[in-house]
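Chemist: My questions will all concern the structure given below.
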Amino acid sequence: MSIDVFAPAHRIAAQVRSGEVGAEAVTLAFLERIDRVDREVNAFTDLTAARALAQAAAIDRARAAGEPLGPLAGVPFAAKNLFDIEGLPTRAGSKINRERAPARRDAVLIERLTAAGAVLIGGLNMGEYAYDFTGENAHDGPCRNPHDLVRMAGGSSSGSGAATAAGMAPISLGSDTNGSIRVPSSLCGVFGLKPTYGRLPRTRSFPFCDSLDHLGPFARDVTDLALAYDLLQGPDGGDPACTARPVEPVSARLANGVAGLRIAVAGGHFATEGMPEAAVAVSAVARALAATRTIALDGAPIARAAAFLITNAESSALHLGRLRERADDFDPDTRDRFLAGAMLPAAWYIQAQRARRWFHDEMMQVFEEVDLIIAPATPCPAPLVGQKTLAMRGEILPLRPSLGIFTQPISCIGLPVAAVPVAGDGLPIGVQLIAPPWREDLCLKAAYVLQEMKVCRAEPPKGI
């Protein structure tokens, strides 16, 4: 039978387990899709075809022998190239890192999906050292939006959003420090999950800003997103931030719904006046979830400023040796931000951490009154590749930082967020579903309701 590359991952896995299709046939179908489509999208930097086909063949042999198969048996997935992939240098989107020795072992999250039967098919394009919201990589070329190839995929997990949207990987892994899962999810029209800080281990992934870095999955279907999240959970000693909280599976409880939840729309900093596409998307989600209350999150602009300072200071310290020895091998835009961060006074960093704690405390008070908050994910749909400015709220602002205006305050305090795509007549745009710490279940249940109502859905791109 023909393989539908846009089918949900859980359906593909069920077909492989039943013997309706073979894992090897599924893998070949996706490799052929990548060969046909990715020359235009530029989502992949590395293919692991030999590994994938060998694993798929092993799955088919196991099924023929009557052995039990995992919940993602035969499902292809891909990972942002800051995840260690055995046998490949961990690029982290840079020129310098590709000279590193090949990784001896996969990142923990790759190991966990592989153990569940998922088949790794490659590493994905990203912004250099994850310091980016556009997906325009100076070394590997820009990752393009599958819905319109002259537009950005968003960053820094550009390849993750684009590969999933384009039917090249039903599930992908990315990272989010200031919005790098939610921005490409929004611009590419797929679902993304930024879990609570410390929920998923970052072991054997290349860092950006340790106190803000999160890892998480992308998918075209909420059940797939929740299933991947369930399989990725669990502490790991290689990441001190990943606490020993019990695994809390969500995928079997998605249909429980959101009845009785107190849901509000974020106002103030998150207001969408002058942003027509974002306004329509937020209104559609609010109506579907019966959210009639608007709540001002007054500390959000301060939290965003704190996120800028913390990111700049910590990432610059990480890269100081490279800046001294190989400054010319950085993307100039990335290099200049790192250089500026290296000169920040320590007092500014300390004050930013105080502001971060203050906003955290403010948000915990808000969550005594509400259970879930709706906010825009990006101020606009995908801008053009190469675009430098953005008209917003009567001002002309630099594009790159402005794409994260709505995501940075939330990741600054590590809250769980599901990004859900609202597909209209034009380009997709995303909405954030924000929950209290450790309540990913609320984000995912609401996302499932929205998908069932067909308010939020991942539409196949036209023309590729």
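Chemist: Look through Arg324, Arg337 and report the one residue that is more than 30 Å from Ala288 (Cα to Cα), within 25 Å of the chain's Cα centre (by Cα) and among the charged types (D, E, K, R).
Modeler: After ruling out the rest, the residue left standing is Arg337.
Chemist: Here's a follow-up. If His147 satisfies all but one of (1) of a type outside the set (S, T, N, Q); (2) surrounded by fewer than 17 Cβ atoms within 10 Å (Cβ to Cβ); (3) in contact (Cβ under 8 Å) with a residue 24 or more places away in the chain, what's the number of the condition it fails?
Modeler: (2)
Chemist: Only one residue in Glu32, Glu40 is in contact (Cβ under 8 Å) with a residue 40 or more places away in the chain and surrounded by fewer than 17 Cβ atoms within 10 Å (Cβ to Cβ). Which one?
Modeler: Sole residue among the options that is in contact (Cβ under 8 Å) with a residue 40 or more places away in the chain and surrounded by fewer than 17 Cβ atoms within 10 Å (Cβ to Cβ): Glu40.
Chemist: Here's a check for you: in segment 52-85, which residue that is under 22 Å from the mean Cα position of the chain (by Cα) and of a type in the set (D, E, K, R) is surrounded by the most Cβ atoms within 10 Å (Cβ to Cβ)?
Modeler: The qualifying residue surrounded by the most Cβ atoms within 10 Å (Cβ to Cβ) is Lys80.
Chemist: Now a separate question. What pairs come out if I take residues in segment 394-413 that are on the phi > 0 side of the Ramachandran plot and pair them with residues that are part of a loop (DSSP other than H, G, I, E, B) whose C-beta lies under 7 Å away, six or more apart or interchain?
Modeler: If the second residue must be part of a loop (DSSP other than H, G, I, E, B), the pairs left are Gly394/Gly274.
Chemist: If you don't mind, there's one more thing I want to ask. Is segment 253-262 home to any residue that is within 23 Å of the chain's Cα centre (by Cα) and more than 12 Å from Lys445 (Cα to Cα)? Break it down stepwise before answering.
Modeler: The initial filter retains those residues of segment 253-262 that are within 23 Å of the chain's Cα centre (by Cα), namely 253-254.
This time we only want the ones that are more than 12 Å from Lys445 (Cα to Cα), so: none.
Within segment 253-262, none of the residues are within 23 Å of the chain's Cα centre (by Cα) and more than 12 Å from Lys445 (Cα to Cα).
Chemist: Write out, first by first residue and then by second, each pair whose Cβ atoms fall under 7 Å of each other, whose residues are 6+ apart or on separate chains, and whose first residue, in segment 243-266, is without any contact (Cβ under 8 Å) to a residue 24 or more places away in the chain and part of a loop (DSSP other than H, G, I, E, B) while the second is surrounded by 14 or more Cβ atoms within 10 Å (Cβ to Cβ) and not aromatic (Phe, Trp, Tyr).
Modeler: Ala244/Pro235; Val247/Gln233; Val247/Gly234; Pro249/Asp230
Chemist: Another question, then. At pLDDT 95 or above, farther than 26 Å from Lys445 by Cβ, surrounded by fewer than 20 Cβ atoms within 10 Å (Cβ to Cβ) and charged (D, E, K, R): which single residue out of Arg322, Arg287, Arg293 fits that description? Full working, then the answer.
Modeler: Working: Arg287 fails: farther than 26 Å from Lys445 by Cβ; Arg293 fails: farther than 26 Å from Lys445 by Cβ.
Being at pLDDT 95 or above, farther than 26 Å from Lys445 by Cβ, surrounded by fewer than 20 Cβ atoms within 10 Å (Cβ to Cβ) and charged (D, E, K, R) holds for just one of Arg322, Arg287, Arg293, which is Arg322.
Chemist: Which condition breaks for Gly238 when tested against (1) closer than 17 Å to Arg204 by Cα; (2) surrounded by fewer than 20 Cβ atoms within 10 Å (Cβ to Cβ); (3) free of Cβ contacts under 8 Å to residues at least 60 places away in the same chain; (4) not polar (S, T, N, Q)?
Modeler: (3)
Residues checked against (1) under 18 Å from Tyr229 (Cβ atoms); (2) polar (S, T, N, Q):
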{"site": "Gly127", "(1), (2)": "no, no"}
{"site": "Glu136", "(1), (2)": "no, no"}
{"site": "Ala153", "(1), (2)": "no, no"}
{"site": "Ser158", "(1), (2)": "no, yes"}
{"site": "Ile181", "(1), (2)": "yes, no"}
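Chemist: Within segment 374-390, take every residue that is in contact with a Leu (Cβ under 8 Å, 6 or more places away or on another chain) and touching a residue at least 24 places away in the same chain (Cβ under 8 Å) and give me the one that is nearest to Val282 (Cα to Cα).
Modeler: Out of the qualifying residues, it is Ile374.
Chemist: Same structure, new question: For segment 384-417, enumerate the residues that are of a type outside the set (A, V, I, L, M, F, W, C) and part of a helix (DSSP H, G or I).
Modeler: Within segment 384-417, Arg400, Pro401, Ser402, Gln408, Pro409, Ser411 qualify.
Chemist: On the basis of being of a type outside the set (A, V, I, L, M, F, W, C), over 27 Å from Gly198 (Cα atoms) and in contact with a Pro (Cβ under 8 Å, 6 or more places away or on another chain), does Pro398 make the cut?
Modeler: no
Chemist: With Arg104, Arg199 as the choices, which residue is among the basic types (Lys, Arg), in contact (Cβ under 8 Å) with a residue 24 or more places away in the chain and either within 27 Å of Glu86 (Cβ to Cβ) or surrounded by fewer than 24 Cβ atoms within 10 Å (Cβ to Cβ) (or both)? Talk me through it step by step, then tell me what you get.
Modeler: Values: Arg104 fails: in contact (Cβ under 8 Å) with a residue 24 or more places away in the chain.
When all the criteria are applied, what remains is Arg199.
Chemist: If I filter segment 453-463 for residues that are modelled with pLDDT of 95 or more, crowded, with 19+ Cβ neighbours inside 10 Å and not in a loop (DSSP other than H, G, I, E, B), do I get at least one hit?
Modeler: No, segment 453-463 contains no residue that is modelled with pLDDT of 95 or more, crowded, with 19+ Cβ neighbours inside 10 Å and not in a loop (DSSP other than H, G, I, E, B).
Chemist: Having 2 or more residues that are closer than 29 Å to Leu427 by Cα is the bar; report the helices (runs of 4 or more DSSP H) wholly within segment 270-383 that clear it.
Modeler: Where helices (runs of 4 or more DSSP H) fall fully within segment 270-383 and carry at least 2 residues being closer than 29 Å to Leu427 by Cα, they are 276-288, 300-318, 332-342.
Chemist: Let me ask something additional. Sort out which residues of segment 264-285 are of a type in the set (A, V, I, L, M, F, W, C), under 17 Å from Leu372 (Cα atoms) and touching a Ser or Thr at 6+ places or on another chain (Cβ under 8 Å), and write them in order of number.
Modeler: Across segment 264-285, the qualifying residues are Ala264, Val265, Ala266, Val282.
Chemist: Here's a follow-up. With (1) free of Cβ contacts under 8 Å to residues at least 24 places away in the same chain; (2) in contact with a Gly (Cβ under 6 Å, 6 or more places away or on another chain); (3) more than 29 Å from Ala447 (Cα to Cα) as the list, and Met343 as the residue in question, which single condition is left unmet?
Modeler: Condition not satisfied by Met343: (2).
Chemist: A further question follows. Under 24 Å from Leu232 (Cα atoms), over 21 Å from the mean Cα position of the chain (by Cα) and either β-branched (Val, Ile, Thr) or assigned to a loop (DSSP other than H, G, I, E, B) (or both), is that true of Leu88?
Modeler: Taking the combined requirement at face value, the residue satisfies it.
The values are calculated or read from the model by the stated rules, or taken from the named source; none is laboratory data. All figures in this text were calculated on a predicted structure; none of them were measured in a lab. Cβ: placed from backbone, ideal geometry, glycine included. Neighbour counts: every protein chain shown.
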